[in-house]
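Reading through the structure tokens given below for one structure.
The values are calculated or read from the model by the stated rules, or taken from the named source; none is laboratory data. Treat the numbers as computed from the prediction; the structure is a model and nothing was measured. Here the Cβ positions follow ideal geometry from the backbone for every residue, glycine too, while neighbour counts run over all protein chains shown.
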Amino acid sequence: MPCYPINLQISGRPCMVVGGGSVAQRKVGALLAAGGMVTVVSPALTKQLASLVEDKSIIHIPRSYRQGDVNGFFILICATDNNAVNKWVAEEGMSTGALVNVTDAPELGNFSVPSQISHGDLLLTISTGGKSPALAKKLREDLEKRYGPEYGIYLELVAKAREQVRKQLTTAKERESFWRSTLDQEVIILLKEGKIKEAEAKIKNAIGCTRTQS
């Protein structure tokens, strides 16, 4: 069945991960990076997860999942090594209205997590609907080569220039011309070489050039 793509704001929202192994560890890291308030339910944890508990970055319930644990949680991720447990927990989670992902069987939940590349505010995602993880991995690797950290820095610079653009370039045609000009390869190459000030100057100069041309 076709999926509806969406980027979800979870900052401050309660998220539960059931499982304490390496897969759960990766999921916890991604949830924390997005600002989620994470609770892990598992009798045992990896060293890294245990460290997060010590730092009070996550809450740990040191036992197996019990009925009702998921009540009040926005996101539930089932990441145990027991398929029957994952299925049972997922069904209960969906019955409460939670968004549920089962790591090794996404069809048992109501959302899946695509392969992704992230550089600052730049987020590129790839999904094959679970049909070919190998293809998703290859596409991610190809995109990582094409779109590196310099694109995340580019977004930071144009965000800083946005207010000036809004004030000085008053027509949609001018603004469209400006954004196209800042995306030329010269700016990206400067950023890739670490020449951030030079790239920023070129972006600012593009504002004046666009006004002159119009």
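Within the range 101-113, residues that are among the hydroxyl-bearing types (S, T, Y) have Cβ atoms under 7 Å from residues that are in a helix (DSSP H, G or I) and surrounded by 16 or more Cβ atoms within 10 Å (Cβ to Cβ) in these pairs: T103/V23; T103/K27; S112/P106, counting only partners at least 6 apart in sequence or on another chain. For G152, the requirement of being closer than 24 Å to L8 by Cα, of a type outside the set (V, I, T) and touching a residue at least 60 places away in the same chain (Cβ under 8 Å) is not met. Taking the numbered list (1) closer than 16 Å to A206 by Cβ; (2) touching a residue at least 12 places away in the same chain (Cβ under 8 Å) in turn, R140 passes all entries but (1). Just one of the listed residues (G72, G120) is exposed (fewer than 14 other Cβ atoms within 10 Å of the Cβ) and in contact with a Ser or Thr (Cβ under 9 Å, 6 or more places away or on another chain), namely G72. Where strands (runs of 3 or more DSSP E) sit wholly within the range 80-128, those with at least 1 residues that are more than 16 Å from the chain's Cα centre (by Cα) occupy 99-102.
Look through A172, A199 and report the one residue that is surrounded by 17 or more Cβ atoms within 10 Å (Cβ to Cβ) and small (G, A, S). Outline the logic, then answer.
Values: A172 fails: surrounded by 17 or more Cβ atoms within 10 Å (Cβ to Cβ).
Checking each option against the conditions leaves just A199.
Of the listed requirements (1) modelled with pLDDT of 95 or more; (2) loosely packed, with under 15 Cβ neighbours inside 10 Å; (3) not in a loop (DSSP other than H, G, I, E, B), L135 misses just one: (1).
Applying the selection to the range 118-161, what residues are of a type in the set (A, V, I, L, M, F, W, C), in contact with a helix residue (DSSP H, G or I) (Cβ under 7 Å, 6 or more places away or on another chain) and in the same structural domain as I203 (by TED's automatic domain parsing)? Within the range 118-161, I153, L157, V158, A161 qualify.
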